[in-house]
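Working notes, structure below.
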Amino acid sequence: MTPRRILVVGWLVVVLYAYPGYMSYDSVLQLLQARDGVYTGGHPPMMGVEWRITDALIAGPFPMLVIQVTCFLAGAYLLLRRAMSERAAALCACALAWVPPISAVLAVIWKDSQMTAFLMLGTALLLSTSRRVRLGGLALLFGATAMRYNALAITFPLVVLLFKWTDAARWYKRYGIAVAAWLAITLCANIVNSALTTETERTYLWHDALALADITGTLRYAADISDDTLRAELEGTPLLVTTNIQATARSTAGADELPERKRMTFGTGVYVPGLWVSTFHLFAESSTDEQRAAISRAWRSIVLSHPSAYLAYRWHVTQERIHLGDHDIPSGTYVWFTDVLDLEGSTAKTGHNAVPSKLQVQLHKVMLAVGTSWLFRPWIYLALSLVMLGFAIHHRHRDILAVLLSGLANELALFVLAPTVDYRYSVWLVASTLLAICMLVGRRVRRT
Amino acid sequence: MNDIECIDAVTEGASASARVFGSLQIDLENSVSGTEFSRLRSAAKHARGVPRPECESGVRCHREPQARAFLGISGGMQPSRWARPGVIAAAGWLAVVVYAYPGVMTQTSFEVLRQARGKFFAPENPPALSALWRWLELVLAGPSALLLVQSAAFAFGAYSLLRRAMPERAAGWVTFALLVFPPVMVPLAVIWPDSMMVGTLVLGAALLVSERPRVPYLGLAALLVATLAQPHALVATLPLVVMLFRPRGGTSELKRIGIAFATWLAITVVGLAATKHYTKKPYPPIAGYVTPRADHEWIAVPPRELPPDAMKLGVPFRTTAIQDGWTSALSGIAEHTPLFSPWLYLVLALALIPLSLRQPDALGLLVGGVLSFVTYRNPNWLVAAACLSLAMVIARRRPT
């Protein structure tokens, strides 16, 4: 079988598992935004524009599924081809796309899936001998950056280590241009997303979620602070309690008092949802610019002056996110065609529904079961990545080093930025680690 | 170094349309056949030196850097992948899919789908199609499975047939034109028994004339599927099998026709028996399927219909603006032009029959199309057959 045929079969297998593409609450919301042309900023407007274009041709999630699976497979193949024969590269690329920790995310129309696919293909194109193709790779990395806020950490090692304008440049020129390129794509992605956001519908995710959680989490582990001090530091914020402020932050208040839809956004786990419950007992969402300014001020004041408390809270979040020490974990797979929390409602709103084929029914069962296994524990890939890093440095494999560093950079960014526990945040870590392992083994086998 | 490896550029001996555009590309397709071109390109890729003898094919070689690069010797410019004949044909297929996705569903389509997911097969629609759909739903649920099968079968079959009559590139473009030609595209977009019949008939015809061993038997299988999808396809499969099927080993023409007729009889009996097997109601199903439907009304551009249980069946109801606009345009064409009039194609087919007496593939299509319309008043196969045959007859009559 030729490599092309192997890739086609691999592509078909993933598409048949995922057809026409699974959609969660986020996906449904993004599709509706794409159709309305109103982007709130809570989700990447660039992805909304992309979906708007594809939805004009074929309604629903299928074109987006095609894009993400095709880009991922093509990128994986091109990268693996650098380390092994074409046939072996095709087989490995298919295996990468099929492996449950990756296919579980590739099958869903998420910004994480789009980002992963663009990263994979963009990285592969960065290594081309043609400058035009390398610029195409940069364009894809720009797309990836526009998909998720933490992608800028991922693209930094990739662009700096792998992008070169010309082969003849001295090292300082080469890295200078690479850093400038990274800055350009990062800034452009942010500018474009900001420009596309509908001003009247803009949401303030950081102010209304992460910043408040950071304050609450830091207060949990900080030394005792009086209510007077806290009232002064939190003045102007949408604070809901004025007494026993730190005690409220430290408590695990009843979740039943919060709206159900809000509780569902807290994700899985025990510690993190508990933290969010405390946060929304402590703070309401901001409604004015003055409140948001006060939140920024309070964040700087509390978080920066209690760094160890902040780090302790973030460590607890990370521990739960990468399932370090967890005995049982919730399934990391999602296998519903519309929002599982509101199947009929999302069907009516999007005009989209599907039923699974017999094959899909069986695969769903398998994937849901596998989703609770060790394969879906990011800490394992983190550890593997660190081990592989040593090999990549020792054998001077720049491309593998860049890929591994990008995965680690992702986790570093998530240490600070991840708001909830969700397996898909770490999919690039998983993909980069498995890719690096394949490439290292491939080169080793080739040498022998 | 053989002559093939020495070819740097094909300019002399080629038709006037072959020219080198600076550093861009060479249009070779009009001057050599697709197979020859592929062979030359493949050999040129492995060339080590470029002497200048006369080539075997009688084409004069000369060292043109762009041409050499184009042929892959110096690794420079390559012919555009996007301009390959297969890609052009595939673009036509994609146009059908974009227009139709996930498949235009009418009440008939929903009845077939309900049958496919239920146990009871009513005789109003060919139950074997529901059985086929049930099998497809093992891997791909919903109408898109049938849409992909019927449209891909047509596209592949049409391209294969046309390639026998004209250069590959022209075949690609004609296939594209055929697929987007409204009276051909519209039925292909609908999840109907007739549409599956049309797609598999074209595919079957193309496979029957293949020179590769065993492939003609796949053609018979395709024609069996056509009979299962629409039992009155038997009048369309008869001329195709009798004229095109050639069993292995040389036989006299009379013997060949006898074997072909027996083969046709076999696939027809199997098809009708399967139809009877899948029908549960005590009703004479064969007669019900193969007699002309007095109340048959051919809707030129069928609208998408949505029963109340469409969403429960997993059939999305949202259409895109492009699809809506396209449907309106097609309805306008149907209303204001004679393009959707079956009589036009009947006249065309009858006019083409005398011209295609020495072209069994075209003749088989035409006779089947005429019989299908005359006996069962089903125009879909007539239209497709007439259009395909027209292209083939014209291409073969062009001076070379």
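The values are calculated or read from the model by the stated rules, or taken from the named source; none is laboratory data. What you are looking at is a predicted structure, and each value in this text was computed from that prediction instead of being measured. Backbone-built Cβ (ideal geometry, glycine too); neighbour counts: all protein chains shown. Note: areas computed on protein heavy atoms with side chains; ligands, DNA, RNA excluded. Shrake-Rupley method; radii C 1.70, N 1.55, O 1.52, S 1.80 Å.
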How much of the pair distance distribution for the stretch A:87-229 lies past 21 Å, counting alpha-carbon pairs only, in percent? 59
Fraction of accessible area attributable to carbon and sulfur, the stretch B:120-229 (%, probe 1.4 Å): 71
For the stretch B:135-171, list whatever residues lose no less than 40 Å² of accessible surface once every protein chain is in place, relative to that chain by itself, with the probe at 1.4 Å. B:138, B:139, B:140, B:141
Counting only protein heavy atoms, what percent of the accessible surface of chain A is carbon or sulfur at a 1.4 Å probe? 64
Evaluated over chain A, the Cα radius of gyration and Dmax, each in Å: 22.5, 74
Protein accessible surface hidden between A and B, which excludes ligands and nucleic acids, total in Å², probe 1.4 Å: 1800
Give the peptides A:188-199, A:11-22, A:79-90 in descending order of average Cβ contacts within 10 Å, highest first. A:11-22, A:79-90, A:188-199
Using heavy-atom solvent-accessible surface (probe 1.4 Å) with all chains present, what is the largest-first order of B:227, B:108? B:108, B:227
Positive minus negative residues near residue A:213 (Lys, Arg vs Asp, Glu; Cβ under 12 Å): 0
For the stretch A:1-145, shape from the Cα gyration tensor axes a ≥ b ≥ c, cut at a/c of 1.5 then a/b versus b/c, turns out oblate
In vacuum, with every alpha carbon of the protein assembly as shown counted as one equal point scatterer, what does the Debye formula give for log10 I(q)/I(0) at q = 0.07, 0.08, 0.10 Å⁻¹? Two decimals, please. -0.68, -0.86, -1.19
Non-local residues with an amide H under 5 Å from the amide H of residue A:283, with H modelled 1.01 Å from N and Pro and chain starts lacking one, are A:240
Highest first, please rank the peptides A:335-343, A:114-122 by the mean number of other Cβ atoms sitting within 10 Å of their residues. A:114-122, A:335-343
Residue-normalised accessible area of the stretch A:1-50, given per residue in Å² at a 1.4 Å probe: 36
Could you compute the net charge surrounding residue B:209? Neighbours are other residues with a C-beta less than 13 Å from the C-beta of residue B:209; K and R count +1, D and E count -1. +2
Determine the alpha carbon to alpha carbon distance for each of B:276/B:312; B:119/B:276; A:111/A:365; B:255/B:276; A:358/B:119; A:111/A:358 and list only those over 23 Å. B:276/B:312; A:111/A:365; B:255/B:276; A:111/A:358
